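First up is the structure itself, then whatever we jot down about it.
The values are calculated or read from the model by the stated rules, or taken from the named source; none is laboratory data. This one's a predicted model, so the numbers in the text were calculated from it and none came from an experiment. Positions of Cβ are generated from backbone atoms using ideal geometry, with glycine treated the same way; all protein chains shown enter the neighbour counts.
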Amino acid sequence: MRTFERLFIEANKWVLILMLGAMAVVVFANVSLRYLTNFSITWSEEVARYLMIWVTFLGAGLALRYGNHVAIANVQEMAPTPMQRLLRGVIVFLLLAFFAIMVWMGYDYMSRTRFQLTPATRIPFSYVYAAMPIGFVLLIVHLLLLARGYVLDSRFETLDPDTSQAMADTTEENGGAASWR
């Protein structure tokens, strides 16, 4: 299961990196062409917008995994430990229910737009709106993979254990002053 989780996270990260890279290249090329040759790529803004939509939905699961979504934890932290776990369990259940509803609604919306075409690239809007159900399915998978640690210990993933260890080692070497290797 750990191998699946590691591969799943890495695949999700690389897809996001490639989409962000493609978006940056398209926008940079369009801006450069516009100012250097007074020519603009007609489809660049549309493609950049749709890539941003995909990046948002595909990246939401990783943000959830690392605890980067907005949360109000004051009430939970004031409660005794058994109550905190119960509250976190309820939160996970409510999130799963919400994500499942959004998968269904996203699929419905995607299905309704399958015959509409985008203005510049002339692709079906359903390809753009597929980001919603796919993104929420990824959110469900990420939530299920981290639910146990979150409910029991309010634990999220760290960004990179090697980086945090390197930071701790460097801090000790510098007598408490933090620096990066």
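The set of residues from the stretch 92-111 being surrounded by 17 or more Cβ atoms within 10 Å (Cβ to Cβ) and free of Cβ contacts under 8 Å to residues at least 40 places away in the same chain comprises 102, 103, 106, 107, 110.
Residues being outside any helix (DSSP H, G or I) and modelled with pLDDT under 95: count how many of those fall in the stretch 125-148. Qualifying residue count for the region: 0.
The rows are residues; the columns are (1) within 22 Å of the chain's Cα centre (by Cα); (2) farther than 26 Å from residue 157 by Cβ; (3) among the acidic types (Asp, Glu).
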position	(1), (2), (3)
2	yes, no, no
13	yes, no, no
19	yes, no, no
42	no, yes, no
49	yes, yes, no
96	yes, no, no
101	yes, no, no
106	yes, no, no
117	no, yes, no
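Residues in the stretch 92-99: is at least one modelled with pLDDT under 95 and either among the hydroxyl-bearing types (Ser, Thr, Tyr) or out of contact with any Leu (no Cβ under 7 Å at 6 or more places or on another chain) (or both)? No. When the stretch 71-91 is filtered for residues that are in a helix (DSSP H, G or I) and surrounded by 11 or more Cβ atoms within 10 Å (Cβ to Cβ), the ones remaining, listed by number, are 76, 83, 84, 85, 86, 87, 88, 89, 90, 91. Assessment of the stretch 32-44 against the conditions (among the hydrophobic types (A, V, I, L, M, F, W, C), in a loop (DSSP other than H, G, I, E, B) and without any contact (Cβ under 8 Å) to a residue 24 or more places away in the chain) yields at least one matching residue.
Of all residue pairs spaced 6 or more apart or on separate chains, those with beta-carbon atoms under 9 Å, a first member in the stretch 63-75 that is modelled with pLDDT under 80 and a second member that is of a type in the set (Ser, Thr, Tyr) are 73/154.
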